[in-house]
């Protein structure tokens, strides 16, 4: 028989739990103890009144600085968008004149009267503020009339507030494209778009004798004189 030693007779003891002063305990943990790896809980912290005032002050300064730049951006976007829309209308008129072998016209759009019965849009008016019409002119009278067989191709939206469209004598109130694609003019036709900053920040669409429209940026090239739109 093996003789028992002192080590064999030592009693087994459970590991001592770690004491803690905080309430951070895991499930199954005795009160006053915490699991290893869990730190003490921290209280949520919000903004102080001074921090809030500083934040609002900085936001106000940034708003004052950014407002003029945003205004310029919106004005430039309006002019650029209207110029592209006009370029598209002229390109459409020229292309349809060539494709269909007939005359196509871009004219000023007449103002629609309030409470008037619904009717087809018409050419007319004293300016281009109401937009424009693009149509096939079957009887060559430069006036849109569905009863004469004219076919409406496109209608331009009214100009945004503050934007003015001016033309030289070649463009006038209407521009006609011949079946060859050439414009019925004796010199270049000019369409000038501007706002209260006048032509120095405007856009201009020039139509050559062969009928091709070209966009000119007033911030880089001189434009025709353009009276500012009424505010």
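The values are calculated or read from the model by the stated rules, or taken from the named source; none is laboratory data. These figures come from a predicted structure and were not determined experimentally. When we count neighbours, we look across all protein chains shown, and the Cβ atoms used for this are built from the backbone with ideal geometry, even at glycine.
Would it be correct to say that residue 183 is surrounded by fewer than 21 Cβ atoms within 10 Å (Cβ to Cβ) and either at pLDDT 90 or above or closer than 14 Å to residue 90 by Cα (or both)? Step through it out loud before you land on a result.
Details: surrounded by fewer than 21 Cβ atoms within 10 Å (Cβ to Cβ): no; either at pLDDT 90 or above or closer than 14 Å to residue 90 by Cα (or both): yes.
Here the answer is no, as residue 183 does not meet what is asked.
Does residue 160 satisfy the criteria of being within 19 Å of residue 99 (Cα to Cα), in contact (Cβ under 8 Å) with a residue 12 or more places away in the chain, surrounded by 13 or more Cβ atoms within 10 Å (Cβ to Cβ) and in contact with a helix residue (DSSP H, G or I) (Cβ under 9 Å, 6 or more places away or on another chain)?
Here the answer is no, as residue 160 does not meet what is asked.
Going by what's in this entry, would residue 226 be described as modelled with pLDDT under 95, over 13 Å from residue 86 (Cβ atoms), crowded, with 20+ Cβ neighbours inside 10 Å and over 27 Å from the mean Cα position of the chain (by Cα)? I'd like the intermediate steps shown before the answer.
On the way: modelled with pLDDT under 95: yes; over 13 Å from residue 86 (Cβ atoms): yes; crowded, with 20+ Cβ neighbours inside 10 Å: yes; over 27 Å from the mean Cα position of the chain (by Cα): no.
No: the conditions fail for residue 226.
Taking the criterion of being in a strand (DSSP E or B), surrounded by fewer than 20 Cβ atoms within 10 Å (Cβ to Cβ) and without any contact (Cβ under 8 Å) to a residue 60 or more places away in the chain, would at least one residue in the stretch 69-87 satisfy it? Even if it seems obvious, please write down each step before you answer.
Our first condition is that a residue be in a strand (DSSP E or B); within the stretch 69-87, this holds for none.
No - not one qualifying residue is present in the stretch 69-87.
Could you tell me whether any residue of the stretch 164-173 is in contact with a strand residue (DSSP E or B) (Cβ under 8 Å, 6 or more places away or on another chain) and more than 19 Å from residue 203 (Cα to Cα)?
For the stretch 164-173, residues in contact with a strand residue (DSSP E or B) (Cβ under 8 Å, 6 or more places away or on another chain) and more than 19 Å from residue 203 (Cα to Cα): absent.
Look at residue 102 and say whether it is surrounded by 13 or more Cβ atoms within 10 Å (Cβ to Cβ), more than 26 Å from residue 199 (Cβ to Cβ) and either in contact with a strand residue (DSSP E or B) (Cβ under 9 Å, 6 or more places away or on another chain) or modelled with pLDDT under 70 (or both).
Spelling it out, residue 102 is indeed surrounded by 13 or more Cβ atoms within 10 Å (Cβ to Cβ), more than 26 Å from residue 199 (Cβ to Cβ) and either in contact with a strand residue (DSSP E or B) (Cβ under 9 Å, 6 or more places away or on another chain) or modelled with pLDDT under 70 (or both).
What number of residues in the stretch 122-157 are crowded, with 20+ Cβ neighbours inside 10 Å and on the phi > 0 side of the Ramachandran plot?
So the answer is 1.
Determine which member of the set 115, 126, 130 is modelled with pLDDT of 80 or more and out of contact with any strand residue (DSSP E or B) (no Cβ under 7 Å at 6 or more places or on another chain).
Every option except 126 fails the conditions.
Give the residue that is surrounded by the fewest Cβ atoms within 10 Å (Cβ to Cβ), with candidates limited to residues of the stretch 105-114 that are farther than 15 Å from residue 149 by Cα and in contact (Cβ under 8 Å) with a residue 24 or more places away in the chain.
Result: 109.
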